[in-house]
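Each remark here refers to the structure printed beneath this line.
Every number in this text was worked out from the coordinates using simple rules, so none of it is lab data. Everything numeric here is computed off the predicted structure, so don't read it as measured data. Every residue, glycine among them, receives a Cβ derived from its backbone with ideal geometry; neighbour counts consider all protein chains shown.
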Amino acid sequence: MAAQSVHQAYKNNSVSTASPGELTLMLYNGCLKFLGKAKIAITEKNVQEKNINLQKAQKIIQELMVTLNMNIEVSKSMMQMYEYINHRLIEANIKNDVNIIEEVEGYVLEFRDTWKQVIQINRQKQFTGDQA
């Protein structure tokens, strides 16, 4: 029990001290975790678990949509992709389709990996003092 509360405190602290970029990375990672759990639930024919995890993934995608700065041109393309992903998650839930989840995983992995690179580049610029 004590270990669980320590773990929860660590997770809460990680979120409260994370930068906006790190929070976005956490969202992508959380989405991937729930997609993986949904795939397992489908193979185990656990409809309730599949539904819960796909809805959690959808909520993450919806949160990413809300946080987009629509004054930035690339955000319009990201919004379209997030809308597509959200639609596909609904479809995967209705059809119990692992292939759709794997398609979505591919997009989320790509976004996550790109976002990781952006964070690394920004950190390197901060440490070198490069403001370019």
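Among the GluC sites (Glu not before Pro) within segment 25-79, those in coil by DSSP and having at most 16 neighbouring Cβ atoms inside 10 Å are E44. When the listed pairs K45/K76; K59/K95; K50/K116; K39/K125 are checked against a 31 Å cut-off, the alpha-carbon distance exceeds it for K45/K76; K39/K125. Here the label points at I119 and E103, each 7 Å from Cα along the C-beta direction, are separated by 2.9 nm in the simple model.
Values of log10 I(q)/I(0) for segment 33-90 across q = 0.12, 0.24, 0.27 Å⁻¹ run -0.33, -0.87, -0.99, by the Debye formula with one identical scatterer at each alpha carbon and no solvent. Once divided by 2.2 N^0.38 Å, the Cα radius of gyration of segment 37-132 becomes 1.32.
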